[in-house]
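Trainee: Here it is, the structure in full.
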Amino acid sequence: MFCWYNDLIPILLIPRALLFISDTDQCLMDPTYRPSLIVSGSTGIGALPFAGSDLVLSPTQWSSHVVGKISSWIDLDSEDEMLRQDSEIALKQEIGWASHLSLQACLLPAPKGAACGNYARCVNQILQNLSNMQLWLRIPLEKSDDDTTDENMAGGEVDSWELWNSFRHLCESHSQLSIALDISCSLPSANSLGRWFGESVRAAILHTSSFLTNARGYPCLSKRHQKLLTMFFDHSIQIVVSGKPADNHPMGTLELGAKSTDNHVEVFSCMPMFGSSCYAGIQRHPLRSYLDYVGYLYQKMDPLPEQERFELAYRDFLQSPLQPLMDNLEAQTYETFEKDTVKYIQYQRAISKALLDRIPDEQASTVTTVLMVVGAGRGPLVRASLQAAEETGRKLRVYAVEKNPNAVVTLHVSS
């Protein structure tokens, strides 16, 4: 089963979070298909029961506008042997088809229970042969008792982070395995929520049942849910709205996609332009009011500071260690270092305290402290040291030692 964007929808790309619409009715795999029901030795051509071909969309649209949704009936840890076999075959077939279409990601169904060893084994096997596609494992955001330690948890209590931790270890912490969090109306403690921001969460699926109704009859979220969504936006986590719209909520202003026969729609990261004239005559989408509210929460956020905007490209990525003793660094590399203002502020504070500790006030005008900066680069530590001397009223002589002749030019100009 796969879901995709409506290609007729104009898209507004939001820097920190994208919203897109897709209807779960639009499937590429027949939801009634089971490999065991295919009669052995039949005279058919052997084509899989996909509802369309790869010609439905262009290759660019498949790779940039579509997220695959694997069939939810799949259960590789079922006690039913036939269901386990069918699930493994279908999972590999669906991901194989998604890989053929060059999809950016596939949404895997959540494990059906705490025992998910066979599911993880099959996913790990698939990951070893996967090219660039990401697999998003659906995990419910829940923890039964936030004050209970893992060792003392009863068998019936649930900690979904432990479920994810077990699953990803069984998949050898593969870099192409990520998380899609299912957000319900109740949230665990702040400490429990905080653990997820150290994980590779790619999407947050927000159920319509999580929404409240404000005085005007429109959907809204609790303060805790609002704060959680803001944190998701800050971490570039895509927002999904899923479920049936409440009967008492207005349907919104404009249609974002095709009608859904079962009134169940999922919204994955991409938001239509507000006020676009091309919506004339288009019917209202049942989840438009929910999407408007999510867009409102995003729009009222403060813009990212310049420092954080610069660091976005480096967030959650391991950086290759530099070799400044062997290589002469480039100006752009020095620029990156120097944008870490916290480091230089702390250096300046440390030097100020050292000067005050070494030189009493009565000797401030007579005693000169000698400071050597070894590996001065373009001079940020030199400037921090001189600024510390000026703030404390102490005399300071600085020797800057640098092996990069290109950086020495900048040091001379700055002196």
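The values are calculated or read from the model by the stated rules, or taken from the named source; none is laboratory data. Not measured: the values here are computed from a predicted model. Glycine gets a Cβ as well: all are built from the backbone with ideal geometry, and neighbour counts include every protein chain shown. All accessible areas refer to the heavy atoms of the entire protein, side chains included, with ligands and DNA or RNA removed. Shrake-Rupley method; radii C 1.70, N 1.55, O 1.52, S 1.80 Å.
Trainee: Considering only residues of region 114-162 that are closer than 25 Å to His100 by Cβ and among the small types (Gly, Ala, Ser), which is modelled with the highest pLDDT?
Mentor: Ala120
Trainee: Which condition number does Gly393 fail, the rest of (1) surrounded by fewer than 18 Cβ atoms within 10 Å (Cβ to Cβ); (2) at negative phi being met?
Mentor: It fails just one condition, (2).
Trainee: With the checklist (1) more than 30 Å from Arg315 (Cβ to Cβ); (2) of a type outside the set (D, E, K, R); (3) open to solvent by 40 Å² or more (accessible area, probe 1.4 Å); (4) touching a residue at least 40 places away in the same chain (Cβ under 8 Å) in hand, flag the one item Ala388 doesn't pass.
Mentor: Here Ala388 clears every test but (3).
Trainee: If a residue counts only when it is under 29 Å from Lys223 (Cβ atoms), which helices (runs of 4 or more DSSP H) contained entirely in region 284-343 have at least 2 such residues?
Mentor: Those helices (runs of 4 or more DSSP H) span 288-299, 306-311.
Trainee: Show the residue pairs meeting these rules: Cβ distance below 8 Å; 6+ apart or different chains; first residue within region 291-302 and hydroxyl-bearing (Ser, Thr, Tyr); second residue open to solvent by less than 10 Å² (accessible area, probe 1.4 Å).
Mentor: Listed pairs, sorted by first residue: Tyr293/Pro219; Tyr293/Leu221; Tyr298/Ala17; Tyr298/Phe233.
Trainee: Please pick out the residue among Ser42, Ser102 that is among the polar types (S, T, N, Q) and modelled with pLDDT under 85.
Mentor: It is Ser42.
Trainee: Shifting gears a bit: Any idea how many residues of region 167-183 are within 21 Å of Val240 (Cβ to Cβ) and either among the β-branched types (Val, Ile, Thr) or open to solvent by 40 Å² or more (accessible area, probe 1.4 Å) (or both)?
Mentor: Final tally of qualifying residues: 3.
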